[in-house]
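Asker: Mind looking over this structure? Questions follow.
Taken together, the values in this text are just the output of simple stated rules run on the coordinates, not laboratory data. These numbers come from a predicted model, not from an experiment. Cβ placement follows ideal geometry from the backbone for every residue including glycine, while neighbour counts extend to all protein chains displayed.
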Amino acid sequence: MKKALVHDWFSVYAGAEKCVESFTNIWNDFEVYSLIDFLTDGDRDIILNGKKAKTSFIQNLPKAKDKYRNYLPLFPLAIEQFDLSKYDLILSSSHAVAKGVLTNSNQLHISYVHTPIRYAWDLYHQYLRESGLDRGLKGKLAKYFLHKIRLWDISTVNRVDYYIANSHYIARRIKKIYGKESTVIYPPVDVDRFELQESKEDFYLTASRMVPYKKIDLIVEAFSKTDKKLIVIGTGPDMEKIKSFAGENIEFLGFASDNVLLEHMQKAKAFVFAAEEDFGIVPVEAQACGTPVICLGKGGTKETVIDGETGVHFKEQTVEDLLKAIERFESLKFDPVRIREHALKFSKVRFEKEIENFVNAKYDEFLKERL
């Protein structure tokens with residue numbers, strides 16, 4: 001069986017790349033394709049066993065390393081230029097265009113979908129507002145190109161034989177946008193690295209890149225109305241703005257190493273998470289430490305955090321709802337051991353076993369149909 005692995009782009013080692021890492025752990029004979037590959041040698045060793053992806057013409061365009069997203073209108077053309085005709089199995093890891101590779105009826109294409117293209121679908125209007133593209137000539141061009149991306153995205157729906165969604169939340173999006181059923185296999189979380197600590201200290205923690213949709217501003221504003229200590233780890237474009245209205249009970253650590261993040265995650269009374277994520281790996285990492293999570297009861301965290309047992313949900317992204325959730329959290333008792341047991345359900349070992357079983361079963365069915 002000749003196998004190809006297609007990923008949208010390799011620029012950083014993030015959640016989607018952890019899935020790719022598991023794919024290459026299961027099968028080490030993939031030939032890898034991606035629009036670009038600007039991984040460091042260290043990250044490439046982890047994610048791709050040292051292999052370099054076969055890249056598209058986007059790789060060689062000006063400033064592609066840092067500004068590759070500017071070439072979004074060219075992504076559909078670029079992904080379709082990969083000649084995958086020699087492969088029996090194509091596994092795509094897609095949050096943008098990877099699922100749109102060209103395949104034929106003698107090939108099996110399974111797509112692990114992190115999300116349909118966010119800025120073309122669910123986050124379209126939010127993306128335009130936050131990018132300042134909801135008006136003017138640039139705005140008109142952006143709307144035109146995103147319209148074209150949506151048309152292309154729908155045209156590729158039947159290029160995939162089987163869809164895998166990273167959560168039931170994403171499975172609903174796949175059904176809504178593509179009209180396709182999908183199997184849910186939660187992504188891998190390195191729960192072994194996030195060890196249990198039962199004794200907790202008197203502070204809350206949040207950690208994220210400071211960009212609008214992460215809603216760190218909401219968390220800081222809510223805690224500024226209390227006397228409870230909040231530690232904020234992370235940096236980003238919104239950092240100075242958020243600092244400007246933070247109360248004296250808020251401590252900003254900025255960028256922190258993995259070890260510093262782990263130590264705070266283990267000691268925190270609770271981890272606070274206000275984003276509406278497709279899955280959300282960090283809240284699961286916190287639970288692996290035995291730390292309960294206060295989170296928005298929508299998106300992936302609705303599935304990964306059990307309300308009243310491993311954390312507390314709040315309904316809307318408002319200061320009022322978050323304050324109510326904090327008050328409710330303070331009235332409850334949580335068992336760190338039980339919280340960690342729940343987090344183990346999202347382990348890397350579990351993910352790799354489920355993916356391997358699914359792909360092998362579908363390939364066996366595919367072979368039988370061809371006989």
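Asker: Would you mind pulling out the separation of the Cα centroids of the stretch 323-362 and the stretch 254-287, in Å?
Answerer: 14 Å
Asker: Moving on. Per the helix-only calculation at 222 nm, which mean residue ellipticity applies to the chain, given -39500 (n - 2.57) for every DSSP H run of n ≥ 4 and division by its residues, nearest 500 deg cm²/dmol? Working shown, then result.
Answerer: Values: 15 runs with 148 residues, N = 371.
The helix-only estimate for the chain comes to -11500 deg cm²/dmol at 222 nm.
Asker: Order 111-117, 217-223, 199-205, 156-162 from most to least packed using the mean count of other Cβ atoms within 10 Å. Don't skip to the end; give the middle numbers.
Answerer: Details: 111-117: 24.4, 217-223: 21.6, 199-205: 15.7, 156-162: 17.3.
Averaged packing, sorted descending, gives the order 111-117, 217-223, 156-162, 199-205.
Asker: What does the C-alpha gyration tensor say about the overall shape of the stretch 1-85? Classify as rounded when a/c is under 1.5, otherwise prolate if a/b is larger than b/c, or oblate. Before the final figure, lay out the partial values.
Answerer: On the way: a/c = 2.14, a/b = 1.32, b/c = 1.62.
Since a/c reaches 1.5 but b/c is at least a/b, the shape of the stretch 1-85 is classed as oblate.
Asker: Just to check I understand the Karplus step: with θ = phi - 60° and J = 6.51 cos²θ - 1.76 cosθ + 1.60, what whole-Hz values come out for the stretch 246-254, glycine and proline as x?
Answerer: Per-residue couplings from phi come out as 6, x, 5, 7, 9, 10, 9, 9, x Hz.
Asker: Given Cα pairs under 8 Å that are at least 6 residues apart, what percent is the relative contact order of the chain? Numbers along the way, then the final one.
Answerer: Numbers: 698 pairs, mean separation 48.5, N = 371.
Computed value for the chain: 13 percent relative contact order.
Asker: On to the next question. With an 8 Å cut-off on Cα pairs and a minimum separation of 6 or more residues, tell me the relative contact order of the stretch 21-105 in percent. Show your work: numbers first, answer last.
Answerer: Details: 79 pairs, mean separation 21.0, N = 85.
With pairs under 8 Å counted, the relative contact order is 25 percent.
Asker: Next up: Let me know the whole percent of all Cα-Cα pairs from the stretch 204-346 that are separated by more than 23 Å. Display every interim value, and only then the final one.
Answerer: Values: 2619 of 10153 pairs.
Summing the P(r) of the stretch 204-346 above 23 Å gives 26 percent of all pairs.
Asker: Could you pull out every one of the aspartates and glutamates with an alpha carbon less than 17 Å from that of Lys63, ignoring same-chain neighbours closer than 8 positions?
Answerer: Excluding near neighbours in sequence, the set is Asp37.
Asker: Order these peptides, 180-186, 125-131, by their mean beta-carbon neighbour count within 10 angstrom, highest first.
Answerer: Details: 180-186: 17.0, 125-131: 14.0.
Put in order of decreasing packing, that is 180-186, 125-131.
Asker: Continuing with this model, one more query. Using a 7 Å offset from the Cα along the Cα-to-Cβ direction at both Lys2 and Asp192, what is the distance between the two label points in nm, to one decimal?
Answerer: About 3.5 nm separates the two model spin labels.
Asker: Additional query: Kindly rank 263-275, 348-360 from highest to lowest mean number of other beta carbons found within 10 Å of each residue.
Answerer: Working: 263-275: 22.8, 348-360: 16.4.
So the peptides 263-275, 348-360, ranked by packing, come out 263-275, 348-360.
Asker: Using Cα atoms only, what is the angle between the long axis of helix 258-267 and the major principal axis of the chain, expressed in degrees (0 to 90) to the nearest 10?
Answerer: 50 degrees
Asker: Roughly how far apart, in whole Å, are the Cα centres of the stretch 224-249 and the stretch 53-71?
Answerer: If we compute the Cα centre of each part, the gap is 36 Å.
Asker: Here's something else I'd like to know. Give me the percent of Cα-Cα pairs in the chain that sit more than 36 Å apart, rounded to a whole number.
Answerer: On the way: 17352 of 68635 pairs.
It works out to 25 percent of all Cα pairs.
Asker: Still on this model: Which of the pairs Lys67/Lys138; Lys315/Lys345; Lys225/Lys269; Lys138/Lys176 have their Cα atoms more than 22 Å apart in this structure? Write down the numbers at each step before the final one.
Answerer: On the way: Lys67/Lys138 17 Å; Lys315/Lys345 25 Å; Lys225/Lys269 18 Å; Lys138/Lys176 29 Å.
Violating the 22 Å limit, Cα to Cα: Lys315/Lys345; Lys138/Lys176.
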